[in-house]
Structures are given as structure tokens and as C-alpha cells.
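K.L.:
Sharing a structure with you now.
A short reminder: the numbers here are calculations on the coordinates, not readings from a lab. For clarity, every value in this text was computed on a predicted model and none was experimentally measured. Here the Cβ positions follow ideal geometry from the backbone for every residue, glycine too, while neighbour counts run over all protein chains shown.
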Amino acid sequence: MQDLPRPVPRGDRDTAPFWEAQREHRLTFQRCSNCNEVRYPVGPMCPECRSFEFEWIESSGRGTVYSFTVVRHQTHPAFAVPYTVALVEMEEGPRLIAELKGDGAASPEIGTAVKVEWVDHPKQPLPVFVPDQEQS
Ligand SMILES: [Zn+2]
């Protein structure tokens, strides 16, 4: 059971560029070409002004812990517990959900400065966040 492959996100027409960038260890967001709103999750239309025009921008990968939860109940054999899932407010504005690793991950403080790192799964690298010593 321990060797079951980890489930990976499935892209679609809208999200394919987001996942492709992550295969190059780049975290990207959409920025509306009409009102400059930087948005996430990925979608075809700006939630602020309803424009369909946008460009992809690369994130700095830096943010702060906005909220978190520690998962203690295992729901899939590929995800060993406990682990921490954080809602990270990125410098660009969007909030991204990802695993929090590193020092203090078991009991992070809200507002902790974090930066993205990449975990290379066989089919899809995924972002995780670790404390950012340079920011704090
Ligand atoms: Zn807009």
C-alpha cells in the first residue's frame, strides 16, 4: 500500500499552462490584461471585470502563512501523516494551498514568511512552502 503512486492534478485547457510551468519549477498566475488583477485559481475570465484577456506572470515564490491545518487522519496511502497544509498569501496577491515543510511546519505561526520549493513527483512537480529565512 505504501508504494501506491501519489495522485497528481489533471490539467485542462485552461490550467495546462499552469501545470506546464510547474514542470519547469515556475509558479505562475494569470494577470488580467484589462484591470491587472492577479488571480488564482486559474480560470478563463477575470472575476473582477469579466475580461477574457490575460497574461501569465511568474510569481516570486514568496508569501506568508495566512492559515493552515495539520492533517492527522490518513486518507490515501501516498500521503503519510501528519503533514501541514497551508494557505499562503503570495506577494502577488493570490492565496495558494500547498504543503508546508521545514522547521516549524508542525505548528507554524500565522504571518510566517515562506518561499516555494519543488517536490519532483514522477508525473508532476508540485510546489511546497518552507520558511523563508531571508524574509523574516
Ligand atoms: Zn480584470
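K.L.:
Taking only Cα atoms and a 10 Å spring cutoff, compute GNM fluctuations for the chain and point out the largest among Arg31, Arg50, Arg39.
P.N.:
Of the options given, Arg50 has the highest mean-square fluctuation.
K.L.:
What list of ³J(HN,Hα) couplings, whole Hz, do you get for the stretch 115-125 from phi and the Karplus terms 6.51, -1.76, 1.60, once you set θ to phi - 60° and write x for glycine and proline?
P.N.:
9, 7, 10, 10, 10, 8, 7, x, 9, 7, x
K.L.:
A further question follows. Suppose the chain between Lys123 and Val38 were pulled fully straight at 0.36 nm per residue; how much longer would it get relative to their current alpha carbon spacing?
P.N.:
Additional length available on full extension: 27.9 nm.
K.L.:
So what is the 222 nm mean residue ellipticity for the chain from helices alone, if each DSSP H run of at least 4 adds -39500 (n - 2.57) and you divide by all residues, rounding to the nearest 500 deg cm²/dmol? Write down the numbers at each step before the final one.
P.N.:
Values: 1 runs with 8 residues, N = 136.
Result for the chain, helices only: -1500 deg cm²/dmol.
K.L.:
Through the Karplus equation 6.51 cos²θ - 1.76 cosθ + 1.60, θ set to phi - 60°, convert the phi angles of the stretch 86-97 into ³J(HN,Hα) values in whole Hz; use x for Gly and Pro.
P.N.:
With coefficients 6.51, -1.76 and 1.60, one gets 10, 9, 9, 8, 7, 3, 6, x, x, 9, 10, 9 Hz.
K.L.:
Taking 35 Å as R0, compute the FRET efficiency from the Cβ-Cβ separation of Ala16 and Thr69 and round it to 0.05.
P.N.:
That gives a FRET efficiency of 0.75.
K.L.:
Whole-Hz ³J(HN,Hα) for each residue in the stretch 68-82, computed from phi via Karplus 6.51 cos²θ - 1.76 cosθ + 1.60 with θ = phi - 60°, x for glycine and proline: what do you get?
P.N.:
Along the stretch 68-82, the couplings run 6, 9, 9, 8, 10, 9, 6, 10, 8, x, 7, 10, 6, 9, x Hz.
K.L.:
So, one more: Counting other Cβ atoms within 10 Å, keep those with at most 13, restrict to DSSP loop, and tell me which trypsin sites (Lys or Arg not before Pro) in the stretch 56-100 are left.
P.N.:
Arg72
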